[in-house]
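The values are calculated or read from the model by the stated rules, or taken from the named source; none is laboratory data. What you see is a predicted model, and the numbers here were worked out from it, not measured in a lab. Please note: Cβ atoms are built from the backbone with ideal geometry, for glycine as well, and neighbour counts cover all protein chains shown.
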Amino acid sequence: MYMTSAELREAFFTFFGNNDHQVVASSSLVPHDDPTLLFTNAGMNQFKDCFLGTEKRSYTRAVSSQRCVRAGGKHNDLENVGYTARHHTFFEMLGNFSFGDYFKHDAIGYAWKFLTEVAKLPKERLLVTVYQTDDEAFDIWAKDIGVPVDRIIRIGDKSPDKPYDSDNFWQMGDTGPCGPCTEIFYDHGDHIWGGPPGSPEEDGDRFIEIWNLVFMQFNRQSDGSMEPLPKPSVDTGMGLERIAAILQGVHSNYEIDIFQFLIKATAAMLNVTDLQDKSLRVIADHIRSCGFLIADGVMPSNEGRGYVLRRIIRRAVRHGNKLGAEQTFFHRLAKALATEMGPAYPELEQQLPVIEKVLMVEEEQFLRTLDRGLALLDDALRNLEGDIIPGETVFKLYDTYGFPADLTADIARERGLEIDQQGFDAAMEQQRQRAKQANQFGVDYNQSIAIEGKSEFTGYDGTEHAATVEAVFTK
Ligand code: ATP
Ligand code: MG
Ligand code: MG
Ligand code: MG
């Protein structure tokens, strides 16, 4: 059944709303009160305390569409963008949650009903995984739902010496709530490369994981023992873009309505005719993460969250350059993003002027050095022996031309090369040591660093960030 992404989001809320779930708004991409987390990366983040039992709410069932970023930190899909049909740096996670309310039976029942009756997916295209020892989940799928047993796959631990380290076992941390998962996969057809979960070809794009249902069943103690939770809970997450692709009859997430809108806007701006161009996909992905991150208050900077943002912006600008962009373009896509996603996320419209300005300043700055950096890299590649770009080259690009190492690695990968990450790290460390010594002798490296309130020499990026902050807030 065809559904737009907007209709799908609504249908999800309606279905779970009708089953007594409270509709809860997405939380910010900047996790509230959780320094262990770089960005919000799952629907359950905002409910962490409800699962731990330290927070009580007026409801025990919730449903949400959570904006997520998986770039940097524990879940990092940045390197997958442009390479798989299913990964983004920014995506929306649809989820339903039970805080000590229903458990496995109802969670599986709801998911199956939503997929086969609301979304009307053909049952024969679906297969499911359960944790190796979770007979309870296996039996629900086999007996109550009626999934043929050859389409229920048990997934064990990745290695025998690491119990519970499995794609089908979830844990919040080394201790605390944890439990088995069951995941639902969709078979896009044998014209696409890939194998079922658990097979050697599982990373292909034929069998796509759409929904993960986590059963929080145990409380792991510091001695490793697992105590059953008195009130087990459920946390689920389904990538909106992945199920939208199925409902819109396409294989790749990049072919769904939201992405096509952004890809076409980019193509029109840059006069690109091949809509399949990988760089268009990367740019469309990156304008979403950058736009949403800035709307949530993240500013490009030299460290932490801000540096992840800066890196994504620069990657986008580099892909624009690859497509022949001769001037700034990325900031102008913020408008297209607000048009397409503003109805669901009004903050995009409210923050549009800020998003545009921040992106423009970053873009302008990077454009001043991008061409020269690329020329240096081309030279280095012409003289390269072997397939590893030396750490000094990567460092020079970083230090003088503002190329984050992962950006250089991205270019290298396109040409079948790698970077010498260790060599780069060593060069960075030497730089730090030199700066420390220089500071001891009272050398004033750069006044603008003082604006940031940093004492350490931060190199090229430090001055830039100061300029960005100034440009954005003093204009
Ligand atoms: P995959 O194995 O495909 O990388 P995952 O197991 O890492 O996915 P989960 O952590 O289980 O994903 O997240 C729940 C759901 O969120 C997934 O089943 C998928 O539909 C969606 N999802 C996860 N990562 C991404 C991403 N980078 N882009 C788009 N959707 C995603
Ligand atoms: Mg993943
Ligand atoms: Mg997975
Ligand atoms: Mg998963």
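Hey, any hits in segment 226-249 for a residue that's within 16 Å of ligand 4 (Cβ to nearest atom) and either among the small types (G, A, S) or at pLDDT below 95 (or both)? The answer is yes; a qualifying residue exists. Just one of the listed residues (G306, G297) is at pLDDT 95 or above and part of a helix (DSSP H, G or I), namely G306. Of all residues in segment 372-406, those that are in contact (Cβ under 8 Å) with a residue 12 or more places away in the chain and in a helix (DSSP H, G or I) total 20. No other residue among L370, L293, L280 is of a type in the set (A, V, I, L, M, F, W, C), more than 24 Å from L417 (Cβ to Cβ), surrounded by 19 or more Cβ atoms within 10 Å (Cβ to Cβ) and within 26 Å of the chain's Cα centre (by Cα) apart from L293. When residues in segment 86-110 are screened for being near ligand 1 (Cβ under 10 Å from one of its atoms) and not β-branched (V, I, T), 9 of them pass. Selection of segment 170-182 for residues being buried (at least 21 other Cβ atoms within 10 Å of the Cβ) and either more than 20 Å from P230 (Cβ to Cβ) or aliphatic (A, V, I, L, M) (or both) yields C181, T182.
Please determine whether any residue of segment 253-275 is in contact with a helix residue (DSSP H, G or I) (Cβ under 6 Å, 6 or more places away or on another chain), in a strand (DSSP E or B) and within 16 Å of ligand 2 (Cβ to nearest atom). No, segment 253-275 contains no residue that is in contact with a helix residue (DSSP H, G or I) (Cβ under 6 Å, 6 or more places away or on another chain), in a strand (DSSP E or B) and within 16 Å of ligand 2 (Cβ to nearest atom).
Against the conditions (1) within 20 Å of S26 (Cα to Cα); (2) surrounded by fewer than 24 Cβ atoms within 10 Å (Cβ to Cβ); (3) touching a strand residue (DSSP E or B) at 6+ places or on another chain (Cβ under 9 Å), G195 satisfies every one except (1).
Are any residues in segment 306-315 surrounded by 23 or more Cβ atoms within 10 Å (Cβ to Cβ) and either within 16 Å of the chain's Cα centre (by Cα) or among the small types (G, A, S) (or both), and if so, which ones?
V308, L309, R310, I312, I313, R315
Conditions tested, residue by residue: (1) away from ligand 4 (no atom under 16 Å from the Cβ); (2) without any contact (Cβ under 8 Å) to a residue 60 or more places away in the chain; (3) not β-branched (V, I, T).
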position: I155; (1), (2), (3): no, yes, no
position: Q171; (1), (2), (3): no, yes, yes
position: P177; (1), (2), (3): yes, no, yes
position: T182; (1), (2), (3): no, no, no
position: H188; (1), (2), (3): yes, no, yes
position: W193; (1), (2), (3): yes, yes, yes
position: E202; (1), (2), (3): no, yes, yes
position: D205; (1), (2), (3): no, no, yes
position: W211; (1), (2), (3): no, no, yes
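Every residue in segment 225-254 that is aliphatic (A, V, I, L, M), under 21 Å from Y83 (Cβ atoms) and either more than 14 Å from ligand 1 (Cβ to nearest atom) or surrounded by fewer than 19 Cβ atoms within 10 Å (Cβ to Cβ) (or both), please. The answer is V250, and nothing else.
Remark: pairs (first residue in segment 36-47, on the phi > 0 side of the Ramachandran plot; second residue crowded, with 21+ Cβ neighbours inside 10 Å; Cβ separation under 6 Å; 6+ apart in sequence or on different chains) are absent.
Of all residues in segment 226-252, those satisfying the criterion of being part of a helix (DSSP H, G or I) and in contact with an Asp or Glu (Cβ under 8 Å, 6 or more places away or on another chain) are L240, E241, R242, A244, A245. Assess whether V130 counts as being surrounded by fewer than 18 Cβ atoms within 10 Å (Cβ to Cβ), over 27 Å from V23 (Cβ atoms) and touching a helix residue (DSSP H, G or I) at 6+ places or on another chain (Cβ under 6 Å). Taking the combined requirement at face value, the residue does not satisfy it. Only one of the numbered conditions (1) crowded, with 17+ Cβ neighbours inside 10 Å; (2) closer than 30 Å to K322 by Cβ; (3) at pLDDT below 95 is not met by R220, and that is (2).
Evaluate the following for G73: is it more than 16 Å from ligand 3 (Cβ to nearest atom) and either basic (K, R) or surrounded by fewer than 22 Cβ atoms within 10 Å (Cβ to Cβ) (or both)? Yes. Can you find even one residue in segment 285-301 that is touching a residue at least 40 places away in the same chain (Cβ under 8 Å), farther than 30 Å from P177 by Cα and touching a His at 6+ places or on another chain (Cβ under 6 Å)? For segment 285-301, residues touching a residue at least 40 places away in the same chain (Cβ under 8 Å), farther than 30 Å from P177 by Cα and touching a His at 6+ places or on another chain (Cβ under 6 Å): present.
For segment 324-334, enumerate the residues that are surrounded by fewer than 19 Cβ atoms within 10 Å (Cβ to Cβ) and touching a Leu at 6+ places or on another chain (Cβ under 8 Å).
G324, Q327, T328
Taking segment 108-136 as the range and being within 16 Å of ligand 4 (Cβ to nearest atom) and more than 25 Å from the chain's Cα centre (by Cα) as the test, the residues that pass are I108, Q132, D134.
Yes or no, residue by residue, for (1) under 26 Å from F51 (Cα atoms); (2) under 24 Å from the mean Cα position of the chain (by Cα):
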{"site": "S159", "(1), (2)": "no, no"}
{"site": "Q171", "(1), (2)": "yes, yes"}
{"site": "G176", "(1), (2)": "yes, no"}
{"site": "C181", "(1), (2)": "yes, yes"}
{"site": "H191", "(1), (2)": "no, no"}
{"site": "G194", "(1), (2)": "no, yes"}
{"site": "E202", "(1), (2)": "no, yes"}
{"site": "E209", "(1), (2)": "yes, yes"}
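Among residues of segment 133-148 being surrounded by fewer than 17 Cβ atoms within 10 Å (Cβ to Cβ), in a loop (DSSP other than H, G, I, E, B) and at negative phi, the one that is nearest to ligand 1 (Cβ to nearest atom) is T133. Taken together, W211, W193 contain a single residue that is within 14 Å of ligand 2 (Cβ to nearest atom), under 20 Å from H87 (Cα atoms) and modelled with pLDDT of 95 or more, which is W211.
Mind counting the residues in segment 9-34 that are closer than 20 Å to R61 by Cα and either in contact with a Phe, Trp or Tyr (Cβ under 9 Å, 6 or more places away or on another chain) or of a type outside the set (F, W, Y) (or both)?
Adding up the residues that qualify gives 18.
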